[in-house]
Amino acid sequence: MPRFRTVAVAALAVSAVLLTSSAAYAGDHDFRRHTHFGNGGFGGASEFSNSMTWGFYNGPLTDLSPSTDDPFDGAKATATMMGVGGSTFFRVQVRGVDDGAVGKVYGAHLHQGPCGLAKDQAGVLQPTVGPHYNTSDFDAEKKIYTVINDQTEVWLDFEVDPFGNARSTARVPFVPTAGERSITLHASPTLHHATATAAAGTAGAKLACLPLEIRTLPESK
């Protein structure tokens, strides 16, 4: 019964966001507000499905840089996603960000795997989140995805407002598969185009993270 209530509350929250997702959110850092998705595309579905893929989280951020002070120490976040018909809507809100971050833009991406920290060989805690969630082919030799942009990944960069809050929305032409994922906040804005020294999608050090368990309804038995 408790699990049913949790799922029901989360589903209602997701539905509420979807009902307003087509409206223009004042202050949202949305890179794809004017993008229209048809069927197909990277990771997109060619046909509409009966299933609904969703995720919801509301709570504290996991500190991925415990040895340093950063603007997200003690902050909280809410993340909502809904995927249906070959495309997915994401919304992230962060609150309680340090005053020193006001007006700055930070990178944020959907990553594979859950949030976490583990000690390296030197005994220093390091983030254990996986790579960016990416729907393009993986080049095993070069160890990179063949296409890295805001249509094959989920980029949720945001700007901190004068009240220490931030929010961002994104729409992508694919539906992530169910599983444990995470949204990781980075020290710098996402690099949209590769340079001589950095690949596209780079956004600096991992500062904080929030878990996002993605589920598909109806769930398989």
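The values are calculated or read from the model by the stated rules, or taken from the named source; none is laboratory data. Worth saying up front: this structure is predicted, and the values here are computed from it rather than measured. Heads up, the Cβs are rebuilt from the backbone with ideal geometry, glycines too, and the neighbour counts pull from every protein chain shown.
Observations, loosely collected:
- Among residues that are within 20 Å of residue 72 (Cα to Cα), within 14 Å of the chain's Cα centre (by Cα) and among the small types (Gly, Ala, Ser), residue 168 is included.
- Considering region 86-122, the residues that are closer than 19 Å to residue 69 by Cα and basic (Lys, Arg) include one that is modelled with the lowest pLDDT, namely 119.
- Yes/no for residue 53 being within 15 Å of the chain's Cα centre (by Cα) and farther than 19 Å from residue 160 by Cβ: yes
- Residues located in region 182-221, provided they are among the β-branched types (Val, Ile, Thr), in a loop (DSSP other than H, G, I, E, B) and over 13 Å from the mean Cα position of the chain (by Cα): 195, 197, 202
- Here is the figure for region 103-117: residues that are closer than 18 Å to residue 61 by Cα and assigned to a loop (DSSP other than H, G, I, E, B) total 5.
- Considering only residues in region 141-181 that are without any contact (Cβ under 8 Å) to a residue 24 or more places away in the chain, not in a strand (DSSP E or B) and not acidic (Asp, Glu), the one that is farthest from residue 91 (Cα to Cα) turns out to be 142.
- Only one entry of 154, 105, 84, 97 meets the criterion of being touching a Leu at 6+ places or on another chain (Cβ under 8 Å) and not hydroxyl-bearing (Ser, Thr, Tyr), and that entry is 154.
- Those residues of region 118-138 which are surrounded by fewer than 17 Cβ atoms within 10 Å (Cβ to Cβ) and in a strand (DSSP E or B), in sequence order: 118, 119, 125, 126, 138
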